[in-house]
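Contents: one structure, followed by commentary.
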Amino acid sequence: MSADVSETSPVRMLTGECLCGDVRYRVEDRFLYALNCHCSQCRKATGSAFKPFAGIERDKLNVVKGQEALSMFGDEQGHDTHCRRCGSLLYSVVRDGQYVHVTLGTLVDEPSIRPTAHIYVGSKAAWYTITDDLPQHQELG
């Protein structure tokens with residue numbers, strides 16, 4: 001019998017951090033999905049045309065530096081987590097507090113996943129044109 005590689009291989013860990021470096025986190029490179037969100041809330045939170053993110057179970061992300069520097073907008077069941085000093089959006093807690101959407105731009109290490117679609121393009125910024133071939137969904141998809 002051959003061993004299952006996924007069970008015997010160590011989990012690859014990724015590091016992420018905010019702009020100023022006050023907050024650092026580690027997350028397993030076992031993301032379940034990755035998307036580009038164009039909803040108005042993500043645009044406002046990032047100051048950009050969309051938020052590229054990857055989703056994973058909440059317990060697979062650990063803040064390893066700067067827990068006291070975190071600022072949360074929302075509640076325990078769903079919120080955006082920023083660095084209090086520089087304002088970087090690090091991750092969003094979603095789906096009744098069970099998952100996190102890690103902002104891909106805050107990862108120092110390269111994840112193995114890539115966004116597979118654009119969501120909420122029905123409310124995307126009028127000044128932005130999507131130029132790739134990824135599927136586009138008017139809402140969540």
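What follows draws every value from the coordinates through simple rules; no lab data is involved. As the structure is a prediction and not an experimental result, all values here were calculated from the model. When we count neighbours, we look across all protein chains shown, and the Cβ atoms used for this are built from the backbone with ideal geometry, even at glycine.
Structure notes:
- Those aspartates and glutamates that a straight Cα-Cα span of less than 17 Å connects to K124, excepting residues fewer than 8 apart in one chain: D132, D133, E139
- Net charge of neighbours whose Cβ lies under 11 Å from the Cβ of H38, counting Lys and Arg as +1 and Asp and Glu as -1: +2
- Computed over neighbours whose Cβ is under 11 Å from that of Y120, the net charge equals +2, Lys and Arg +1, Asp and Glu -1.
- Spin-label pair W127/E28, simplified geometry with 7 Å Cα→Cβ offset, distance in nm: 4.1 nm
- With contributions of -39500 (n - 2.57) from each DSSP H run of at least four residues, the per-residue ellipticity at 222 nm computed over the chain stands at -1500 deg cm²/dmol.
- Anchor K44: aspartates and glutamates whose Cα lies under 13 Å away (excluding residues fewer than 8 positions away in-chain): D80
- DSSP-loop chymotrypsin sites (Phe, Trp or Tyr not before Pro) across segment 89-141, with at most 15 other Cβ within 10 angstrom: W127, Y128
- Of the chymotrypsin sites (Phe, Trp or Tyr not before Pro) found in segment 1-80, not one falls in a DSSP loop while having at most 10 other beta-carbon atoms within 10 Å.
- Taking all Cα pairs closer than 8 Å and separated by 6 or more residues, the relative contact order of segment 48-141 comes to 25 percent.
- Extending 7 Å from the Cα toward the beta-carbon at both E68 and H137 defines two label points whose distance is 4.1 nm.
- For the chain, the square roots of the Cα gyration tensor eigenvalues, ordered a ≥ b ≥ c, give a/c of at least 1.5 with a/b no greater than b/c, which places it in the oblate category.
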